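Engineer: After the structure tokens below, expect a handful of questions from me.
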Amino acid sequence: MDRRSYLKALGASGAALTLAGCTSNGGGDGSTTTGSTTTGSTTSGTQQTRIVAGTAPGFQPFEMIQDGELVGFDIDLLEAVVEQADGYTLQGWEQYEFGSLIQALTTDKIDTIAAGMTITEKRKESIGFTNPYWDANQALLVREGSSFQPQSLEDLAGHKVGAQSGTTGEGLIQDLIDEGTLAESNYNAYPKYPLAVSDLENGNIDAVVIDTPVAETFVDSRDVVVSATVDTGEQYGFGVRQNDGDLESALNGGLEAVRDNGTYADLTKKWFASGGTTTTSE
Ligand code: ARG
């Protein structure tokens, strides 16, 4: 079989490929280990399905733009995971608003989501998830020095509150609205969390509901503090299409491999140990 009909055959098997010769980006420079696979899945001639990952930067330290470049824990982790995932290589990254990622996945614009996305029953109605790779709760973020120090979600009643559209943080606020605790007019939805935090600093809103690890990054870098946390017991997973069980298992295998080979611990140290002020050079 020549290369063209080989690629055609791959495409016909439902693999949605857009090949352009060699790797463009993100194809294997993210991790530092070599030679830990013994299955030969990376040798040339073996069928490799190229996948495109989607993310939503503005969620530090998981994904953000630094010096014009997409970086973060999720970016490094997924790249390392795919490198260890049998039969797959990462073609590159596409950026979406968080609330559009699931649709981008189900309409084949991307093949996986790496965006600090919480595994929820609701989302599982439309997409699948890998095994969890991170735990989080929700934090109530307020202005530094503010006299408003909400200790619970209910304390948000009568105040202006913000969150990112489509997030679980927004879901908590929506519940407050649905049960009549918070007036709908007191909720501001933002396309990205950094905009919500700016509005908080400016006094346009009084609190932001946001994932704990990201709240901590903002505490380090902006004039905000956490007044309380809400124990939601969330877990992040990589999103995959429901009919893409092969990719799901391959990514789960990759996750296990990066935990075993130390890469997961290295990346945790790189992005979380020093208060979120890491640069990407090694
Ligand atoms: N964990 C939350 C959720 O799943 C927030 C995720 C926001 N992620 C992002 N990349 N902006 O809804």
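The values are calculated or read from the model by the stated rules, or taken from the named source; none is laboratory data. Nothing here was measured: the structure is a model prediction, and the numbers come from that model. Here Cβ is always computed from backbone atoms with ideal geometry, including for glycine, and neighbour counts include all displayed protein chains.
Engineer: Every residue in the stretch 170-193 that is in contact (Cβ under 8 Å) with a residue 40 or more places away in the chain and either β-branched (Val, Ile, Thr) or closer than 18 Å to residue 227 by Cα (or both), please.
Structural biologist: 172, 193
Engineer: So how many residues does the stretch 109-120 have that are within 13 Å of the ligand (Cβ to nearest atom) and surrounded by fewer than 16 Cβ atoms within 10 Å (Cβ to Cβ)? Outline the logic, then answer.
Structural biologist: Looking only at the stretch 109-120, we keep the residues that are within 13 Å of the ligand (Cβ to nearest atom), and these are 113-120.
Narrowing the set further to residues that are surrounded by fewer than 16 Cβ atoms within 10 Å (Cβ to Cβ) leaves 120.
Of the residues in that region, 1 qualify.
Engineer: Within the stretch 148-169, work out how many residues are over 16 Å from residue 102 (Cα atoms) and within 15 Å of the ligand (Cβ to nearest atom). So that I can check it myself, show each step before the final result.
Structural biologist: Initially, the stretch 148-169 is screened for residues over 16 Å from residue 102 (Cα atoms), giving 148-163, 169.
Retained after the next criterion (residues that are within 15 Å of the ligand (Cβ to nearest atom)): 162-163, 169.
Final tally of qualifying residues: 3.
Engineer: Could you tell me whether residue 106 is surrounded by fewer than 19 Cβ atoms within 10 Å (Cβ to Cβ) and away from the ligand (no atom under 12 Å from the Cβ)?
Structural biologist: yes
Engineer: Against the conditions (1) away from the ligand (no atom under 11 Å from the Cβ); (2) out of contact with any helix residue (DSSP H, G or I) (no Cβ under 8 Å at 6 or more places or on another chain), where does residue 88 fall short? Just the number, please.
Structural biologist: Only one criterion in (1) away from the ligand (no atom under 11 Å from the Cβ); (2) out of contact with any helix residue (DSSP H, G or I) (no Cβ under 8 Å at 6 or more places or on another chain) is unmet by residue 88, namely (2).
Engineer: Working only within the stretch 204-259, note down all residues that are among the aromatic types (Phe, Trp, Tyr) and either in a helix (DSSP H, G or I) or free of Cβ contacts under 8 Å to residues at least 40 places away in the same chain (or both).
Structural biologist: 218 - this is the single residue of the stretch 204-259 that is among the aromatic types (Phe, Trp, Tyr) and either in a helix (DSSP H, G or I) or free of Cβ contacts under 8 Å to residues at least 40 places away in the same chain (or both).
Engineer: Given the structure, is residue 180 part of a loop (DSSP other than H, G, I, E, B), within 11 Å of the ligand (Cβ to nearest atom) and at pLDDT 95 or above?
Structural biologist: Taking the combined requirement at face value, the residue does not satisfy it.
Engineer: Is it the case that residue 201 is among the acidic types (Asp, Glu), assigned to a helix (DSSP H, G or I), more than 20 Å from the chain's Cα centre (by Cα) and on the phi < 0 side of the Ramachandran plot?
Structural biologist: Against the criterion (among the acidic types (Asp, Glu), assigned to a helix (DSSP H, G or I), more than 20 Å from the chain's Cα centre (by Cα) and on the phi < 0 side of the Ramachandran plot), residue 201 qualifies.
Engineer: Between residues in the stretch 109-130 that are within 8 Å of residue 239 (Cα to Cα) and residues that are charged (D, E, K, R) and within 9 Å of the ligand (Cβ to nearest atom), which pairs lie under 6 Å by C-beta distance while being six or more apart or on different chains?
Structural biologist: Once the first residue is within 8 Å of residue 239 (Cα to Cα) and sits in the stretch 109-130, its partners that are charged (D, E, K, R) and within 9 Å of the ligand (Cβ to nearest atom) give 114/74.
Engineer: Let me ask something else. Which condition does residue 175 not pass, out of (1) within 15 Å of the ligand (Cβ to nearest atom); (2) surrounded by 15 or more Cβ atoms within 10 Å (Cβ to Cβ), if it passes all the others?
Structural biologist: (2)
Engineer: Would you pick out the residues in the stretch 204-216 that are crowded, with 24+ Cβ neighbours inside 10 Å and under 20 Å from the mean Cα position of the chain (by Cα)?
Structural biologist: Correct list: 208, 209, 210, 211, 214, 215.
Engineer: Count, please, the residues in the stretch 130-147 that happen to be within 13 Å of the ligand (Cβ to nearest atom) and over 20 Å from residue 172 (Cβ atoms).
Structural biologist: 1
Engineer: Quick check, is residue 104 among the aliphatic types (A, V, I, L, M), assigned by TED's automatic domain parsing to the domain that holds residue 215 and touching a residue at least 40 places away in the same chain (Cβ under 8 Å)? Even if it seems obvious, please write down each step before you answer.
Structural biologist: Values: among the aliphatic types (A, V, I, L, M): yes; assigned by TED's automatic domain parsing to the domain that holds residue 215: no; touching a residue at least 40 places away in the same chain (Cβ under 8 Å): yes.
It is false that residue 104 is among the aliphatic types (A, V, I, L, M), assigned by TED's automatic domain parsing to the domain that holds residue 215 and touching a residue at least 40 places away in the same chain (Cβ under 8 Å).
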